[in-house]
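Here's the structure, in structure tokens; my notes come after.
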Amino acid sequence: MRHLFCSDRLGCKPLSPVKEHYAEDANDVESTAKDHEAVRIALGNEPLNYIGLSYGTQLGAQYAALFPDNIRTLALDGVLQHSPSEVANILIETSSYNLVLTHFFEWANQNDSSALKGQDVEALWTSLLTNAKKTPIPAPSCNGTDCRTDVNAEEILFNAQSYLLFAGAGVGFSASWEALTFALYNATQGDASALSTSFSNPSDISLISIGCLDWTHTASLPDILAKQKMANLYAPFTRGASQTWISQQACIGWPVKVQNPPKKLYVKTEATVLFTQSTSDPSTGLPWALGMLEEVENKVLVLREGDGHTSFPLGGKTAEVIVEYLITGKAPENGLVLDS
């Protein structure tokens, strides 16, 4: 039996407790890739079938660079690139978020399931941020223990991103565009509970503990202010808000040194690596996927025309291509563009 490993956003861990001597107590992506190799060996030493989503793509690419001969299939969906500079990463993610947000504005103005249908949603967003910057908006459903009792502009910017991950309503995910329209509408009415910062999200902890080991965070205060200026100019609706921004700033002063600093990979596998990427991903933007093509020699790229973070969970044509590849081991046509 061949084995399939699937990893998603920051915080994923090996799918078995097998560790051997590889990673010791480290959780950076290189150490975790070595953990996966230990698991593969323990499960029978057969070639690996792997699908990675988001952070899992970085893990999969790192595994391929370390163990290129041990792979049967490697599918990377919603690609995260590890090698760009701190500034480039902020620009790529926040501008990708900004792009999808503009699509959301149009959708929310026109869609029947939107609580903001018929409104100038772009103007509403800008006004809401302006008001929340002056006076935080109450979050009456929050008690100050599970989430904050009020919401400022910065929290709206960072917390709205997760609502854009899966486009539209009724796709089986709670963080949908429809839900964001209700969150924004309620905030304009004085209840920003749905945009409040949670104190109990385990992914927030893993974002810091893993990110601080994998990405550099060397900026001084003048550097941070300059990055913010850049973000305001290039992405006026998101203004730097992104997981990248969180990890860089929260990791300043982190007591553990970076274990796996950003660097270009060289991946050359006998198996063809499958990249799948939506054209408008608010978390792992298209530039990262295109950049990773430079780091992998034997690969094909399939684009999904549309919004949303990753494609496999949506179950459309792109997901069918991924499943077919994993089953048969035969890669699809390079440059294929799909509409779902």
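The values are calculated or read from the model by the stated rules, or taken from the named source; none is laboratory data. All of these numbers come straight from a predicted model, not from anything done at the bench. Every residue, glycine as well, gets a Cβ built from its backbone with ideal geometry; the counts of neighbours run over all protein chains shown.
General remarks:
- Filter result for ILE41 (in a helix (DSSP H, G or I), β-branched (Val, Ile, Thr), assigned by TED's automatic domain parsing to the domain that holds PRO313 and modelled with pLDDT of 95 or more): yes
- Members of region 112-146 found to be without any contact (Cβ under 8 Å) to a residue 24 or more places away in the chain, over 23 Å from GLN228 (Cα atoms) and not charged (D, E, K, R), listed by number: GLY118, GLN119, ASN143, GLY144
- Subset of region 75-101 (residues that are part of a loop (DSSP other than H, G, I, E, B) and surrounded by fewer than 21 Cβ atoms within 10 Å (Cβ to Cβ)): SER83, PRO84, SER85
- In region 281-340, the residues that are acidic (Asp, Glu) and within 17 Å of the chain's Cα centre (by Cα): ASP281, ASP307
- Residue within region 61-69 that is buried (at least 23 other Cβ atoms within 10 Å of the Cβ), at pLDDT 95 or above, among the hydrophobic types (A, V, I, L, M, F, W, C) and outside the structural domain of GLY240 (by TED's automatic domain parsing) present: yes
Rundown of residues vs (1) buried (at least 20 other Cβ atoms within 10 Å of the Cβ); (2) of a type in the set (Asp, Glu); (3) touching a Phe, Trp or Tyr at 6+ places or on another chain (Cβ under 8 Å); (4) at pLDDT 95 or above, yes/no style:
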| site | (1), (2), (3), (4) |
| --- | --- |
| SER141 | no, no, no, yes |
| ALA153 | no, no, no, yes |
| LEU157 | yes, no, no, yes |
| ALA169 | no, no, yes, no |
| PHE173 | no, no, yes, no |
| LEU184 | yes, no, yes, yes |
| GLN189 | no, no, no, yes |
| LEU195 | yes, no, no, yes |
| PRO202 | no, no, no, no |
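- Taken across region 110-117, residues that are assigned by TED's automatic domain parsing to the domain that holds ALA183, surrounded by 14 or more Cβ atoms within 10 Å (Cβ to Cβ), in a helix (DSSP H, G or I) and under 26 Å from the mean Cα position of the chain (by Cα) do not occur at all.
- Exactly one residue out of SER206, SER196 is among the hydroxyl-bearing types (Ser, Thr, Tyr), farther than 19 Å from VAL29 by Cα and not assigned by TED's automatic domain parsing to the domain that holds PRO47: that is SER196.
- Residues located in region 111-139, provided they are modelled with pLDDT under 95 and out of contact with any helix residue (DSSP H, G or I) (no Cβ under 9 Å at 6 or more places or on another chain): ASP112
- Criterion applied to LEU233, LEU265 was being modelled with pLDDT of 95 or more, aliphatic (A, V, I, L, M) and closer than 23 Å to ALA61 by Cβ, and the one residue passing it is LEU265.
- So PRO255, is it over 15 Å from SER54 (Cα atoms), touching a Phe, Trp or Tyr at 6+ places or on another chain (Cβ under 9 Å) and loosely packed, with under 15 Cβ neighbours inside 10 Å: no
- Selection from region 288-311 of residues that are surrounded by fewer than 21 Cβ atoms within 10 Å (Cβ to Cβ) and either touching a residue at least 40 places away in the same chain (Cβ under 8 Å) or of a type in the set (Gly, Ala, Ser) (or both): GLY291, GLU295, GLY306
- Count of region 237-280 residues which are farther than 25 Å from PRO332 by Cα and under 20 Å from the mean Cα position of the chain (by Cα): 20
- Filter result (touching a residue at least 60 places away in the same chain (Cβ under 8 Å) and assigned to a helix (DSSP H, G or I)) within region 212-246: LEU213, ASP214, LYS227, MET230, ALA231, TYR234, GLN243, THR244, TRP245, ILE246
- Positions within region 249-288 being assigned to a strand (DSSP E or B) and touching a His at 6+ places or on another chain (Cβ under 7 Å), in sequence order: SER280
- Residue ID - farthest from LEU129 (Cα to Cα), chosen from residues in region 204-220 that are hydrophobic (A, V, I, L, M, F, W, C) and modelled with pLDDT of 85 or more: LEU213
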